[in-house]
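Undergrad: Pasting a structure here, questions to come.
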Amino acid sequence: MPAKTGKSRPDVGGIGISNPQRVIDSHSGATKLQLAQYYLAVGEWLVPQLAGRPLSIVRAPDGVEGDSFFQRHCGRLKMPHMKVLPKSLDPEHARLIQADSVTAVVEAAQMGTVEFHTWNAHSDRIDRPDRVVFDLDPDPELPWEKMVEATGLTLDLLDSLGLRAFIKTSGGRGMHVVVPIDRRSSWDCVNEFARGVTVRLAKESPERIVAKMGPKNRIGKIFVDYLRNQRGASTVAAYSARARPGLPVSMPVRRDELGSLGAANRWNILNAHERLDALEHDPWADYGSTRQSLSSRLLASLGSR
Ligand code: ATP
Ligand code: MN
Ligand code: MN
């Protein structure tokens, strides 16, 4: 009997995976076991992105074609490796969760989690965001070159403000531009900055970029979504899979790779290792050592033009 149990629940990093052969994506034929194995394999890359940050998970227990659920707490799920954060961080809701280990990640995958999203702050200083995210959302009809162009415009503006940014594919349709900042700014300040950047972009390139949400506003354009910077908002983590056909992953890239990617879902859980194994340099290697602030002078310069 134990042999049978062992076979039906293969061990992935210490977690037994139930229904391992269940196909969770008919597009690629990928199984629940393969997703868990992907997460174990990218743990070294993914866990630093998740550790210390409140987490939202997207569960798709019936696979990517079934219903999916956003969830910021354990609910009824048994995830003993998931850290449960103090109630004070979000007093009106169930206690927030945090994945600080690959075991917690695989355990969540065992519970039907496909996506991992994080806040722009660490839980130890929840009122001080440490990054700004611009989520570039295209009119789905636009060719990839337009996304390349809009990403370039965003990076150019940030450059001119003296800010270093790091980019990743969303795994879906667009790009995410991430600006690490020191933990001196309030959420209000970060929001003001993010909105200011988007408004400036839309003003300087009105034919390409729009600062207003909604599909009608972005016909033929790209919405630079700055709204992902409010307290409690989250963005999919780098190296997370997406609950979309093909199980694509959000992948950090270099700026000079943008033109040749062809699509934001270029990598998925079955081929991501080819890229990661072949990388000579981590495109985000300098992320951790980037020290920069949203100074009041910077905010004023954005507001004044
Ligand atoms: P795409 O490139 O296809 O736009 P995306 O991940 O950027 O992929 P968006 O719809 O633009 O998808 O959403 C941006 C982020 O907003 C998500 O990564 C997610 O963290 C958050 N988000 C989106 N929808 C929800 C939701 N229903 N509840 C909570 N957060 C959400
Ligand atoms: Mn987006
Ligand atoms: Mn968006």
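Undergrad: Does S26 count as surrounded by fewer than 18 Cβ atoms within 10 Å (Cβ to Cβ) and either at pLDDT 95 or above or within 20 Å of L276 (Cβ to Cβ) (or both)? Write out each step before concluding.
TA: Working: surrounded by fewer than 18 Cβ atoms within 10 Å (Cβ to Cβ): yes; either at pLDDT 95 or above or within 20 Å of L276 (Cβ to Cβ) (or both): yes.
Judged against the criteria, S26 is a match.
Undergrad: While we're here: Can you confirm whether T103 is buried (at least 19 other Cβ atoms within 10 Å of the Cβ), modelled with pLDDT of 95 or more and either more than 15 Å from S250 (Cβ to Cβ) or more than 20 Å from the chain's Cα centre (by Cα) (or both)?
TA: The answer is yes for T103.
Undergrad: Right, something else. List, please: which pairs have Cβ atoms under 6 Å, are six or more places apart or on different chains, and start with a residue in segment 282-305 that is closer than 13 Å to F166 by Cα and at pLDDT 95 or above and end with one that is loosely packed, with under 14 Cβ neighbours inside 10 Å and not hydroxyl-bearing (S, T, Y)?
TA: Hits for this filter: P283/R254.
Undergrad: Hey, any hits in segment 199-216 for a residue that's within 13 Å of ligand 3 (Cβ to nearest atom) and free of Cβ contacts under 8 Å to residues at least 12 places away in the same chain?
TA: Scanning segment 199-216, I find at least one residue that is within 13 Å of ligand 3 (Cβ to nearest atom) and free of Cβ contacts under 8 Å to residues at least 12 places away in the same chain, so the answer is yes.
Undergrad: Can you report the number of residues in segment 166-184 which are more than 16 Å from ligand 2 (Cβ to nearest atom), touching a strand residue (DSSP E or B) at 6+ places or on another chain (Cβ under 9 Å) and part of a loop (DSSP other than H, G, I, E, B)?
TA: 1
Undergrad: Whether any residue in segment 148-164 is in contact (Cβ under 8 Å) with a residue 60 or more places away in the chain, among the acidic types (D, E), away from ligand 1 (no atom under 16 Å from the Cβ) and out of contact with any Asp or Glu (no Cβ under 9 Å at 6 or more places or on another chain) is what I want to check.
TA: no
Undergrad: Here is a follow-up. Restricting segment 132-146 to residues that are among the charged types (D, E, K, R) and assigned to a loop (DSSP other than H, G, I, E, B), which is farthest from ligand 3 (Cβ to nearest atom)?
TA: Per the stated criteria, the residue is E141.
Undergrad: Quick check: is even one residue across segment 117-124 away from ligand 1 (no atom under 16 Å from the Cβ) and within 18 Å of the chain's Cα centre (by Cα)?
TA: Yes; the residues of segment 117-124 include at least one that is away from ligand 1 (no atom under 16 Å from the Cβ) and within 18 Å of the chain's Cα centre (by Cα).
Undergrad: In addition: Identify, please: which residue in segment 106-162 is in contact with a strand residue (DSSP E or B) (Cβ under 8 Å, 6 or more places away or on another chain), under 27 Å from P91 (Cα atoms) and acidic (D, E) and is, among those, surrounded by the most Cβ atoms within 10 Å (Cβ to Cβ)?
TA: By that ranking, first place goes to E107.
Undergrad: Cβ-Cβ distance below 6 Å, separation of 6 or more or different chains: which pairs start in segment 80-106 with a residue that is under 13 Å from I126 (Cα atoms) and free of Cβ contacts under 8 Å to residues at least 40 places away in the same chain and end on one that is β-branched (V, I, T) and in a loop (DSSP other than H, G, I, E, B)?
TA: What qualifies is L89/I126.
Undergrad: Continuing with this model, one more query. Count, please, the residues in segment 147-190 that happen to be away from ligand 3 (no atom under 16 Å from the Cβ) and of a type outside the set (S, T, N, Q). Talk me through it step by step, then tell me what you get.
TA: At the first step, the residues of segment 147-190 found to be away from ligand 3 (no atom under 16 Å from the Cβ) are 148-149, 152-153, 155-166, 179-190.
Then keep just the ones that are of a type outside the set (S, T, N, Q); that gives 148-149, 152-153, 155-159, 161-166, 179-184, 187-190.
So the count comes out to 25.
Undergrad: Right, another one. For segment 72-90, does any single residue satisfy the condition of being surrounded by 14 or more Cβ atoms within 10 Å (Cβ to Cβ) and either polar (S, T, N, Q) or on the phi > 0 side of the Ramachandran plot (or both)?
TA: No, there is no match, as no residue in segment 72-90 is surrounded by 14 or more Cβ atoms within 10 Å (Cβ to Cβ) and either polar (S, T, N, Q) or on the phi > 0 side of the Ramachandran plot (or both).
Undergrad: Collect the residues in segment 52-71 that are surrounded by fewer than 18 Cβ atoms within 10 Å (Cβ to Cβ) and in contact with a Phe, Trp or Tyr (Cβ under 9 Å, 6 or more places away or on another chain), keeping them in residue-number order.
TA: P61
The values are calculated or read from the model by the stated rules, or taken from the named source; none is laboratory data. Here the structure is a predicted model, which is why all the values come from computation and not from measurement. We place every Cβ from the backbone using ideal geometry, glycine too, and count neighbours over all the protein chains shown.
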